[in-house]
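Where a number appears in this text, it was derived from the coordinates with a stated rule and is not lab data. All of these numbers come straight from a predicted model, not from anything done at the bench. When we count neighbours, we look across all protein chains shown, and the Cβ atoms used for this are built from the backbone with ideal geometry, even at glycine.
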Amino acid sequence: MSIFQLLNGLTFAALLFVVASGFTLIFGLLRIVNLAHGALYLFGGYIGYAIALKTGSFVLGGIGAMAAIAAIGFVLDQGLLHFVRGHELRQVLLTLGFAFVLNDLALVIWGGDSFTVPIPQMLRGGLRVFGVFYPTYRLFVLVTGIVVFAALWLLLNHTRLGALIRAGVDDAEMVEASGVNIRRVFLVTFLLGSALAGLGGLMGGAFLSLYPSADAEILVFSLAVVIIGGRGSLVGVGVGSLLVGLLNTLGQVMFPELAYFVIFGPMAVLLAFRPLGLFGRAA
Amino acid sequence: MTMPRTPKPSRLAGMNGRAALIAATIGVAAAALPLVLSNYQVGLATEVLIFGILAMSIDILAGFAGRTSLGHGAIFGVSTYVVVYATAHAGVPPAAAFAAGVLAATLVAAIFGLLAVRTSGVYFLLLTLALGMIVWGICLRWTQVTGGENGMRGDVRPALLLTNTAFYWAVLAGAAVVTFAMWRFVRSPFGLTLRGIRDSESRMRSLGYNVPLHLFIGFTVSAFFAGVAGAMYAMFNNFVSPSTVALAQSVEGVLMMIAGGVGTLFGAFVGAAAIIALENVVSAYTERWQMVLGITFILIMIFAPEGIIGKLRAILTRKVR
């Protein structure tokens, strides 16, 4: 694999990390497998695209996408999931129904064409890194991924909210019994996770472009990341993203038509030995 | 439900007299349907039967082993792809293509099963979903073989069954055999073991049952039936495209199964009929079937997770009291 392909893999992994970290936060704490996460990603991309086009500002697009997707997440969590609390399977299937609605809604609003979020002037062109000329924007995605990782790590390990989230992942009932309003922690986590999907949508929309089945594609990658990394573990998502991102690039280089298969192999081997993923712990 | 059950001495393969009578009546009524339905409606009825089989195959796992699969649409679709490819591009006769399709689906599912039996609950759902998506991704990208986004067309249906009515009867006969087989399967000692695993995996393990092996066999058998449905669908449609293996296919199957009632087996046909009828009514007014499907899913999850039949039964018993 050349340096160029390695960087492709790393930047894709960074995008996957942003999307999948939101997924695993919600999965780890609320025990909700949000299958609408891919649809939230796509919706975030479209909204970010619309705002970025109108205002001409990529940053505003990002903020708008995160806010809008957090709002949609709020509706999903408080308006719908509220009715099926505690029923794992019903929750999953409900989010799946919600994904279908969102996806179709996106088709109504933006149609079936593919869009690419405009890259700001500053990030256009390329840079010379490790002896190859590489698109600046993709390097920016890589940096953003690292920044998000650092921010989440700080949030989880060095703030009160983070401590509550970590405690909630281990034993939500105990946290509640010690007088914490765990419902509010749940809600904040859900909104944060959704916002990360929205951010991912905007970032991915600028180099993978946005089209009607993009939600399913990013969802299957996120699932692979979480299955490999394990539920609710930030480090797990990081390692999972790197593995899936690099393997996917390797697959695309070596067997372009069967790239999906290349992420499936390691997932299979891993599951045979660690059914809960690399960093997963039994609930 | 407290109905006095009098076991009849005349038993036909474990089926008591009354049940046999009901089954025969339904069978005759279903066989007579083409006499009163239009050609188009006969097509719909055929579709109900095919998807009923798919939903039943999902119910074998969901209702009797406690594992809801979101990958059965893909297994179904593998069979459809193989049947269309074999007849249209490899010149295989329909009957052999049908067998090849079912075999391929079963083999793919055996590989899936090896992985899936290690998981339960939500993880099972996630894993089957991811595996199904991989099938979809391959069908979409492997353009030389699958025709990519455009799919493949082929005259799959044997000459004998060219009319809608003849094909309907053939599918009905097939569905009857398959339904009986599944019913026997879930009532067999093996099926009871699966139920035991659903209720308490650790207890079954400590009783000395090989839990993963039972789940693996259960998964493969269930997939075999999904493959049969997929092969029938190939002959019904004479066309296959990635949407046949897409997540929506698995989701529709699961929705039909849930609408009919998890663990009721035959409810699958009721669920299939309800969803297909809804699809047709909705399609007459709007192109937004996906959205309606999603909303239906959300509503059923919130208000009637026990299925339409279960809900009606609950309402009726409440009234009686």
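Rounded to the nearest 500, the 222 nm mean residue ellipticity of the protein assembly as shown from helices alone is -25500 deg cm²/dmol, with -39,500 (n - 2.57) taken per DSSP H run of at least 4 residues. For the pair region B:109-124 and region A:35-49, the centres of their Cα atoms are 29 angstrom apart. When the charge dipole of chain A is built from unit charges on Cβ atoms (+1 for Lys and Arg, -1 for Asp and Glu) and taken about the Cα centre, the candidate among A:LEU155, A:ILE263, A:GLN5 whose Cα reaches farthest toward its positive end is A:LEU155.
Summarised in one figure, the compactness ratio Rg/Rh of region B:195-288, Cα atoms and Kirkwood Rh, is 1.09. Reducing region B:229-270 and region A:65-140 to their Cα centroids gives an inter-centroid distance of 29 Å. With the largest listed first and rounded to whole Å, the semi-axes of the equivalent ellipsoid of region B:74-140 from the Cα gyration tensor are 27, 12, 7.
Dipole orientation for chain B: of the candidates B:THR317, B:SER38, B:LEU293, B:THR317 has the Cα lying most toward the positive pole (charges on Cβ; Lys, Arg +1; Asp, Glu -1). In a Gaussian network model over chain A where Cα atoms closer than 10 Å are linked, find which of A:ALA14, A:ALA39, A:ALA224 has the largest mean-square fluctuation. With Cα springs under 10 Å in chain A, the top fluctuation among A:ALA14, A:ALA39, A:ALA224 is at A:ALA224.
Note on B:TYR285 and A:GLN78: with the Förster distance fixed at 35 Å, the Cβ-Cβ geometry gives a FRET efficiency of about 0.70.
Note on chain B: with a GNM built from Cα contacts shorter than 10 Å, the maximum mean-square fluctuation among B:ARG203, B:ARG187, B:ARG118 falls on B:ARG203. In the frame of its principal axes, the protein assembly as shown has Cα extents of 80, 61, 49 Å, reported largest first.
Globularity index of chain A is 0.98 (Cα radius of gyration / 2.2 N^0.38 Å, N = number of residues). Computed packing ranks the peptides B:130-138, A:208-216, A:43-51 as A:43-51, B:130-138, A:208-216, most packed first, by mean other Cβ atoms within 10 Å. For chain B, modelled as a GNM whose springs connect Cα atoms under 10 angstrom apart, the maximal fluctuation among B:ALA74, B:ALA181, B:ALA62 occurs at B:ALA181. Each principal axis of the Cα cloud of region A:14-149 was evaluated for its coordinate range; sorted largest first, these ranges are 53, 32, 22 Å.
Nearest 20 debye, what's the magnitude of the dipole of chain A about its Cα centre given +1 on Lys and Arg Cβ and -1 on Asp and Glu Cβ?
500 debye
Note on B:ARG318 and B:ASN150: their simple-model spin labels are 5.5 nm apart, each label 7 Å out from Cα toward Cβ. When only the Cβ of Lys, Arg, Asp and Glu is charged (+1, +1, -1, -1), the dipole of region A:31-128 relative to its Cα centre reaches about 280 debye.
At 18 angstrom or more along the helix axis (alpha-carbon based) and mean Kyte-Doolittle of 1.6 or higher, what helices does chain B contain? Whole DSSP H runs only. Flagged H segments are B:17-36, B:94-116, B:121-141, B:289-303.
Computed over the alpha carbons of region B:38-245, Rg followed by Dmax gives 17.4, 56 Å. Here's the picture: charge each Lys and Arg Cβ at +1 and each Asp and Glu Cβ at -1 in the protein assembly as shown, and of A:ILE218, B:VAL211, A:GLY112 the one pushed furthest to the positive end of that dipole is B:VAL211.
Relative to the dominant Cα principal axis of chain A, helix A:3-30 is inclined by about 20°.
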